[in-house]
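Taken together, the values in this text are just the output of simple stated rules run on the coordinates, not laboratory data. From a predicted model like this one, the values you see are computed outputs, not experimental measurements. Methodologically, a virtual Cβ is constructed for each residue, glycine included, from the backbone with ideal geometry; neighbour enumeration extends over all protein chains shown.
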Amino acid sequence: MMSAVSMPIGEATIGPFFPGAYVDAGANDLTRWQGRSAQGQLIDIRGRVTEDEGVPLQNVVLEIWQADANGIYRHPADPRAKHADADFFGWGRAATDADGAFHFRTIMPGRTHLPNGTLRAPHINVVVLASGLMRQLQTVMFFEGNAANATDAVLACVHPAAFQEALIAKADGPRKYRFDIRLCGADETPFFED
Amino acid sequence: MSIQVDLVKGAKADTYTIPPIVDGTQPTRIVEGYPQTARRTPSRPLLRRPLTLSELTGPLDLSGRLAATSADVAGQSARRALGQLIVLRLAVRDEDGSPIAGTMVEMWQANAAGRYAHPNDSDHAPLDPHFQGNARVQTDASGNIEIRTIKPGAYPVPGPDRWWRPPHVHFSVWGKVWLSRVVTQMFFPGDPLNEQDLILNAVVDAEARARLVARSVPTQAAPGDALVFEHTVVVRGKRATPTEHA
Ligand SMILES: [Fe+3]
């Protein structure tokens with residue numbers, strides 16, 4: 001029965017009633033897992049999600065996926081997976097509050113190795129799910145001040161280059177970063193095909 | 001696990017791509033009559049990026065991070081929810097039909113009266129003290145889950161363009177890589193509201209729309225105290241293939 005190829009099922013909005021219970025307490029804290037602490041530099045990431053004209057959006061679900069402090073993914077497709085930090089899961093979820101604000105606590109990801117010998121800049125993949133978004137939105141967060149941003153293969157896809165700034169989380173105090181997500185409008189965040 | 005390894009084995013992981021979505025098989029992003037879609041959908045085209053390990057890996061074993069729940073949403077005896085008891089047999093497959101074992105599935109739905117047990121649902125319909133309407137279950141070794149629940153009621157979407165949502169169940173599924181993440185809705189066969197629903201009909205391809213509608217199992221074939229529905233969720237990911245250019 002392996003011959004038939006089917007298309008992925010149609011996506012749909014999460015609607016206004018995504019259960020609050022699904023944003024488990026602590027799901028936005030990637031630094032702690034099963035009672036143990038991840039290796040690496042702890043960072044706080046805060047931001048706001050807004051729709052057109054800068055209106056803040058409550059009840060938006062954000063999920064993130066990232067490599068550990070050494071740039072290794074906890075997944076068998078990563079050739080270095082057996083060296084992944086056993087205390088870092090790499091995935092988290094947060095929801096926005098009435099001001100559209102969200103918060104993740106995580107560790108600064110390392111540079112992931114690609115089989116062709118190049119390295120990605122430290123980055124975090126982000127998916128946005130919300131009422132009124134018929135399909136998920138995919139974006140990527142980079143970090144201000146990292147020289148590797150200039151050579152990242154994904155960041156380089158953002159044209160004109162001025163739009164790349166919107167994907168770079170801004171330093172906002174020691175070990176703190178600010179990353180706002182603007183879904184729609186002249187200053188909107190660049191999003192990628194999913 | 002062989003699927004993901006195949007994705008990058010001995011190749012340049014930054015030269016992979018996935019087949020483009022066939023026109024009409026995914027919902028249009030802006031839906032007339034659903035004004036929030038226009039205010040939240042990016043105005044610029046989505047960017048095509050090279051696929052790297054970041055997209056071709058993803059969270060596995062999510063039960064280690066998210067607490068699983070009982071697959072019995074309807075409850076038992078005196079604590080049983082009101083409404084028509086149903087069993088949902090959900091199959092999670094990749095694009096070649098291979099089962100996705102051990103992946104997390106989240107579901108949520110309205111009660112039999114069309115009301116969500118959610119603070120944002122201010123509809124007049126009554127809550128059911130015995131129905132929360134959500135579950136989080138991992139697929140078994142065959143990529144399947146079975147959820148015992150009640151048939152959700154229809155409910156109106158408030159606003160100037162008020163319309164009624166047909167009975168539906170929301171599903172959130174991961175699959176094995178970041179790009180296989182999908183949030184979808186399952187509809188019930190034969191409901192007249194299906195033809196009017198703005199969300200279901202945002203998928204313009206009729207065949208793709210039909211794949212959002214569950215199959216009713218003949219009652220003779222499913223004895224028991226519940227009506228049985230089967231539904232398949234196909235996640236993308238396996239057909240990620242190397243590009244010739246790069
Ligand atoms: Fe709904």
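Numbers at a glance
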{"item": "Net charge dipole size for chain A [Lys, Arg +1 and Asp, Glu -1 on Cβ; Debye, nearest 20]", "result": "740 debye"}
{"item": "For chain B, built as a Gaussian network whose Cα springs stay under 10 Å, the top-fluctuating residue of B:ALA226, B:ALA38, B:ALA112", "result": "B:ALA38"}
{"item": "Length gained when the stretch A:ASN116-A:PHE163 is fully extended (0.36 nm per residue, less Cα-Cα span)", "result": "14.2 nm"}
{"item": "Prolate/oblate/rounded label for the protein assembly as shown (Cα gyration tensor, a/c 1.5)", "result": "prolate"}
{"item": "Choice from B:ARG40, B:ARG165, B:ARG79 showing the highest fluctuation, given a GNM over chain B with Cα pairs closer than 10 Å", "result": "B:ARG40"}
{"item": "The protein assembly as shown - charge dipole about Cα centre, Lys and Arg +1 at Cβ, Asp and Glu -1, debye rounded to 20", "result": "760 debye"}
{"item": "For the stretch A:1-108, diffusion coefficient by Stokes-Einstein and Kirkwood Rh (Cα), 4 °C, 1.567 mPa s, µm²/s", "result": "81 µm²/s"}
{"item": "Near-label residues of the stretch B:198-216 by backbone N, under 17 Å of a point 7 Å along Cα→Cβ of B:GLU32", "result": "B:198-205"}
{"item": "For the stretch B:92-246: rounded, prolate or oblate by the Cα gyration tensor [a/c cutoff 1.5]", "result": "prolate"}
{"item": "Neighbourhood net charge (14 Å Cβ-Cβ; Lys/Arg +1, Asp/Glu -1) for A:ASN59", "result": "-1"}
{"item": "The protein assembly as shown - share of DSSP beta bridges that are antiparallel (%, nearest 5)", "result": "75 percent"}
{"item": "Separation between Cα centres of the stretch B:57-118 and the stretch A:75-107, rounded to whole Å", "result": "23 Å"}
{"item": "Label-point separation in nm, A:ARG175 to A:GLN58, each point 7 Å along Cα→Cβ", "result": "3.2 nm"}
{"item": "Sites B:ARG162 and B:THR219 - FRET efficiency at Förster radius 35 Å, r taken between beta-carbons, to 0.05", "result": "0.50"}
{"item": "Three-way shape call for the stretch A:57-106 based on the alpha-carbon gyration tensor, with the a/c threshold at 1.5", "result": "prolate"}
{"item": "Backbone N under 17 Å from the B:GLN76 label point (7 Å along Cα→Cβ), restricted to the stretch B:214-234", "result": "B:225-226"}
{"item": "Residue with peak Gaussian network fluctuation, chain A [Cα springs, cutoff 10 Å], from A:PRO174, A:PRO122, A:PRO79", "result": "A:PRO174"}
{"item": "All Cα pairs of the stretch A:13-182, percent lying beyond 30 Å", "result": "16 percent"}
{"item": "Percent of beta bridges antiparallel (DSSP, chain B, rounded to nearest 5)", "result": "75 percent"}
{"item": "Charge dipole (the stretch A:13-182, unit charges on Cβ, about Cα centre) - positive-most of A:SER131, A:VAL60, A:PRO174", "result": "A:PRO174"}
